[in-house]
Amino acid sequence: MTKIKACIAGVHGFVPDYVLTNAELESMVDTNDEWIQSRTGIKQRHILKGEDKGTSHMAIKAVEGLLQKTNTDPAEIDLTICATVTPDSLFPDTANTINAGVGAVNAWGFDLNAACSGFLFGLTTGAKFVETGTHKKVLVIGADTMSSIVNYQDRSTCVIFGDGAAAVLLEPNEDGFGVQDEILKGDGEGRQYLHMKAGGSRRPASAETVANGEHFVYQDGRPVFKAAVKGMSNTVTEVMQRNQLTVDDIDWLVPHQANLRIITSVANALSFPMEKVIVNIQNYGNTTGATIPLCLWDAQQKFRKGDKILLTAFGGGFTWGASYLTWGYDS
Ligand code: COA
């Protein structure tokens, strides 16, 4: 019997209109364009504005574009996975709101929280449902409204993050194209370096937690930087080795967009030429769950059927990993 693979049948993204430039940040905190560009590679990021708009707003726009582009009736969607650390609310989950917003009346869904590795974890999770043959059309979305949890008085974090959403449609493929393999990790060893201090069950929101600014992203950047380079390089190497792949065999490396220096360090550690590395951090900053699918969206015109693609991510927890897939269509 032919083994079913889960193949990406289309990708679409959405970023809000408002562009927060480095120049505008200069007027908000003690920073400057030269520092931001040289230390992070970021020139601008998009910010979601407007009353009562949350992550589902951007995800719905991305999914609507995806359904249109792939000629998919929303009623055909079986499952929606939304990777996010900024759900519309703690419950109900954002995936359900997305299903309602796009008319996915026959789908079930859930949110997946693995910080910046969320899309990678979601891709594997979605792929398993397709591979078993029980699900034919699965949406995997990476979406985050980081502006809702960033402290715009903290220069070490507010320059980094941005808002955005992007989605892929997974479908069964019997010709061998699609998700091939992955190594995913989450060891909890780095929890103290990147987290939100309050707002969960251990430290619920109170006047004190709000006054202390405990509902913002807390990050100690240096240990995160070091662990990110090591974690992404190691898992990419391991996935390549066990699939007998060399750098020459790989067409594209799509890394999580946290910092241009992290991306170039990973590429150097793996001896990957930068021409094969997808980079768009200059336009969006770090959009957490959305970085990898936004890269796929931006770069899709370059992809050809059969291209071998490696995805790699690293995020709070720490969570990290690498996935190997083959592209299923000429874009
Ligand atoms: N503008 C100007 N100066 C800034 C600044 C800003 N926006 N942010 C920090 N600085 C200053 C610091 O205060 C520090 O000054 P000091 O030496 O006088 O104390 C100096 O720049 C160096 O700070 P440091 O934190 O060591 O800088 P860095 O080179 O490590 O860069 C990050 C900071 C956050 C960009 C970097 O550590 C990073 O990218 N880390 C990983 C982030 C990440 O991947 N996060 C998401 C997880 S996926």
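The values are calculated or read from the model by the stated rules, or taken from the named source; none is laboratory data. In this text the structure is predicted, and so the values were computed from the model without any measurement. Backbone-built Cβ (ideal geometry, glycine too); neighbour counts: all protein chains shown. Ligands, DNA and RNA are excluded from the accessible area calculation, which covers all protein heavy atoms including side chains. Shrake-Rupley method; radii C 1.70, N 1.55, O 1.52, S 1.80 Å.
Worth a mention:
- Charge sum, other residues only, whose C-beta stays under 9 Å from LYS308's C-beta, Lys/Arg counted +1 and Asp/Glu -1: -3
- Surface calculation, 1.4 Å probe, protein heavy atoms: THR2 sits at approximately 80 Å² accessible.
- Apportionment of accessible area to carbon and sulfur, the chain, percent (1.4 Å): 49
- Three-way shape label, region 220-331, alpha-carbon gyration tensor, a/c 1.5: oblate
- Between GLN241, GLN300, GLN37, the residue with the greatest mean-square fluctuation in the GNM of the chain (Cα pairs under 10 Å linked by springs) is GLN241.
- 3J(HN,Hα) couplings calculated from phi for region 252-261 with the Karplus curve 6.51 cos²θ - 1.76 cosθ + 1.60 (θ = phi - 60°) are, in sequence order, 9, 10, 10, x, 3, 9, 9, 6, 4, 5 Hz; Gly and Pro show x.
- Ranked by the mean number of other Cβ atoms within 10 Å of their residues, highest first, the peptides 210-220, 95-105 fall in the order 95-105, 210-220.
- When Rg and the Kirkwood Rh are both derived from Cα coordinates, the Rg/Rh ratio for region 5-176 amounts to 1.03.
- In plain terms, the C-alpha convex hull of region 89-196 casts an average shadow of 8.8 nm² when viewed from every direction.
- Set against the 2.2 N^0.38 Å expectation for a compact globular protein, region 92-138 has a Cα radius of gyration ratio of 1.20.
- Helix-only CD estimate at 222 nm, as mean residue ellipticity for the chain, using -39500 (n - 2.57) per DSSP H run (n ≥ 4): -9500 deg cm²/dmol
- Across region 5-176, Cα pairs under 8 Å and at least six residues apart give a relative contact order of 34 percent.
- Whole-number Å³ per residue for the convex hull built on Cα positions in the chain: 132
- Among the listed pairs LYS137/LYS308; LYS5/LYS226; LYS230/LYS305; LYS230/LYS308; LYS128/LYS197, those beyond 25 Å (Cα-Cα): LYS5/LYS226; LYS230/LYS305; LYS128/LYS197
- By average C-beta atoms within 10 angstrom, highest first, the peptides 134-144, 158-168: 158-168, 134-144
- GNM on the chain, alpha-carbon springs under 10 angstrom: the most fluctuating residue among LEU79, LEU296, LEU25 is LEU25.
- With all protein chains kept in place, the per residue accessible area of the chain amounts to 43 square angstrom at a probe of 1.4 angstrom.
- Working ranking of peptides 243-251, 283-291, 313-321, 66-74 by packing, defined as the average number of other Cβ atoms within 10 Å per residue, highest first, is 283-291, 313-321, 66-74, 243-251.
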